Amino acid sequence: MVQTDSMRKNARMHINARKKKIRFSLIPATCVWICATLSAVYGAPVGVFVDAPLPPETHAAATRLRVAVSPASPAVEWKGNRPIGVMIDVWEEIARRIGVTADFVSEPTFSRLFDVLIEGGADVSLGPLAITEEREEKIDFTHSIFHSGSRIAVRQRSDYGIFTTLRSFVSWQLLGLFGCVMAFVFLTGHLLWWCERRDNPSSFPSHYVNGVGEAMWWIACTIVSGGCDNKYVASRMGRAIGFAWMIGGIVLLATFTSVLTATMTAERVVGAIHGPRDLAGRTVGCQQAATSRLSAKKRGAFVQEFPTINEALVAMSLGMVEAVVAENQSLIFFVNQPSHAGVRLVGPMFETFDYGLAVPNDSPLREKLNKAILQIREDGTLERIKQTWLGNHE
């Protein structure tokens with residue numbers, strides 16, 4: 001009986017030990033099942049390496065961007081082996097805020113800044129990149145960074161040749177004045193002939209063509225010399241017309257002289273181009289792929305394209321083009337350089353536009369860049385950078 005109780009006790013201990021072993025053996029299996037379930041639900045492996053940091057080289061590669069630039073003072077220019085300029089300072093501030101670094105990719109021409117994004121050779125392009133509908137079809141732009149427009153630069157002239165003087169007589173202002181005078185002469189010539197044709201046929205024949213012609217000739221003589229020796233007016237209305245032209249002739253001669261003098265003086269100082277309306281029929285230099293070339297063509301100019309604005313200004317100094325049309329702030333920068341001391345800006349800014357950073361279509365960077373641009377606008381950083389490079393010019 002004692003042996004039987006002892007055997008039962010040993011059997012129960014053996015059964016309890018096996019139950020504990022089974023329970024402990026289920027713990028690893030349960031953990032593996034839980035991990036597999038979470039992996040299936042969230043689509044990512046779950047385990048001891050989930051929170052492990054990325055290797056340093058992987059993290060660095062993820063934050064380095066290829067940034068395309070091309071010389072376009074003052075936005076971007078090269079000094080030594082790195083670029084400087086207003087857009088470079090803007091980019092460095094934006095890059096600091098979004099936590100990226102840049103590998104600058106130098107492009108030989110302005111037009112390549114757009115092509116390299118389409119080809120996948122860069123992540124961002126910097127420069128005075130105007131935001132236009134045509135460009136938006138191929139690439140994306142960030143929010144506007146600067147507001148600008150096109151401007152005209154011309155040589156400061158000092159020539160006094162005979163052709164310059166003769167060319168002054170065909171200005172639009174003088175032609176308009178001459179047209180108005182001829183219209184009044186034509187109208188008052190008819191009125192004078194109508195009043196004099198019956199009582200004074202010797203001076204103003206009754207025949208329409210001959211009579212009106214003689215009346216207009218008499219008015220022309222009156223404007224220049226105050227009368228005509230071989231003709232006279234007999235009627236009261238004719239004398240009133242003659243008196244009006246005597247007084248009006250003095251005013252017309254004074255006006256014609258002042259307009260001609262002002263035109264000739266202006267051409268000697270700044271040339272024949274004073275603003276956008278004077279571009280029609282003129283040979284104008286523009287930067288390749290820039291929006292300014294479209295502005296000039298729209299106004300009837302003959303456009304010659306150059307790789308950079310500086311080369312266009314050099315061509316103007318050599319007489320290859322009559323003016324240069326380019327982005328306003330860039331022209332202000334060049335005009336203030338000693339190498340372009342004989343260049344000045346004329347007319348107002350026209351064809352205004354905004355420009356910003358360019359990125360490939362559907363780039364995930366665009367939203368981050370936009371957020372950083374809004375931040376530097378609101379805290380005044382963008383304005384400080386602009387003042388440093390461009391001053392107070394508007």
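Within the bounds of region 336-351, is there any residue that is polar (S, T, N, Q) and at pLDDT 90 or above? Give the steps one after another, and end with the answer.
Going through region 336-351, the residues polar (S, T, N, Q) turn out to be 336-337, 339.
Among the residues that remain, those that are also at pLDDT 90 or above are: none.
No - not one qualifying residue is present in region 336-351.
Select, from Ala289, Ala301, the only residue that is under 30 Å from Ser70 (Cβ atoms), in contact with a Phe, Trp or Tyr (Cβ under 8 Å, 6 or more places away or on another chain) and either at pLDDT below 90 or not basic (Lys, Arg) (or both). It would help to see each step written out before you state the result.
Numbers: Ala301 fails: in contact with a Phe, Trp or Tyr (Cβ under 8 Å, 6 or more places away or on another chain).
It is Ala289.
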Could you grab me the full set of residues in region 346-364 that are closer than 22 Å to Gly85 by Cα and buried (at least 17 other Cβ atoms within 10 Å of the Cβ)?
Phe353, Tyr355, Gly356, Leu357, Ala358, Val359
With the checklist (1) within 22 Å of Glu77 (Cα to Cα); (2) among the polar types (S, T, N, Q); (3) out of contact with any Cys (no Cβ under 7 Å at 6 or more places or on another chain) in hand, flag the one item Asn370 doesn't pass.
(1)
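Yes or no, residue by residue, for (1) touching a Phe, Trp or Tyr at 6+ places or on another chain (Cβ under 8 Å); (2) within 23 Å of Ile131 (Cα to Cα); (3) of a type in the set (Val, Ile, Thr):
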site	(1), (2), (3)
Thr308	yes, yes, yes
Ala312	yes, yes, no
Leu318	no, no, no
Ser330	no, yes, no
Ala341	no, no, no
Lys386	yes, yes, no
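To keep it simple, each residue is scored yes or no on (1) surrounded by 15 or more Cβ atoms within 10 Å (Cβ to Cβ); (2) among the hydroxyl-bearing types (Ser, Thr, Tyr); (3) without any contact (Cβ under 8 Å) to a residue 40 or more places away in the chain.
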site: Lys297; (1), (2), (3): yes, no, yes
site: Val314; (1), (2), (3): yes, no, yes
site: Val335; (1), (2), (3): yes, no, no
site: Val343; (1), (2), (3): yes, no, no
site: Glu378; (1), (2), (3): no, no, yes
site: Ile385; (1), (2), (3): yes, no, no
Please list, ordered by first then second residue, the pairs with beta carbon atoms under 7 Å, 6 or more apart or interchain, first in region 238-260 and in the same structural domain as Trp218 (by TED's automatic domain parsing), second surrounded by 14 or more Cβ atoms within 10 Å (Cβ to Cβ) and outside any helix (DSSP H, G or I).
Arg239/Val233; Gly242/Val233
Is it the case that some residue within region 362-384 is farther than 20 Å from Pro128 by Cα and of a type in the set (A, V, I, L, M, F, W, C)?
no
Every listed condition ((1) in contact with a helix residue (DSSP H, G or I) (Cβ under 8 Å, 6 or more places away or on another chain); (2) under 27 Å from Ala153 (Cβ atoms)) holds for Ile373 save (2)
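The values are calculated or read from the model by the stated rules, or taken from the named source; none is laboratory data. This structure is a prediction, so every number in the text was calculated from the model and none was measured. Reconstructed Cβ throughout: ideal geometry from the backbone, glycine too, with neighbour counts over all protein chains shown.
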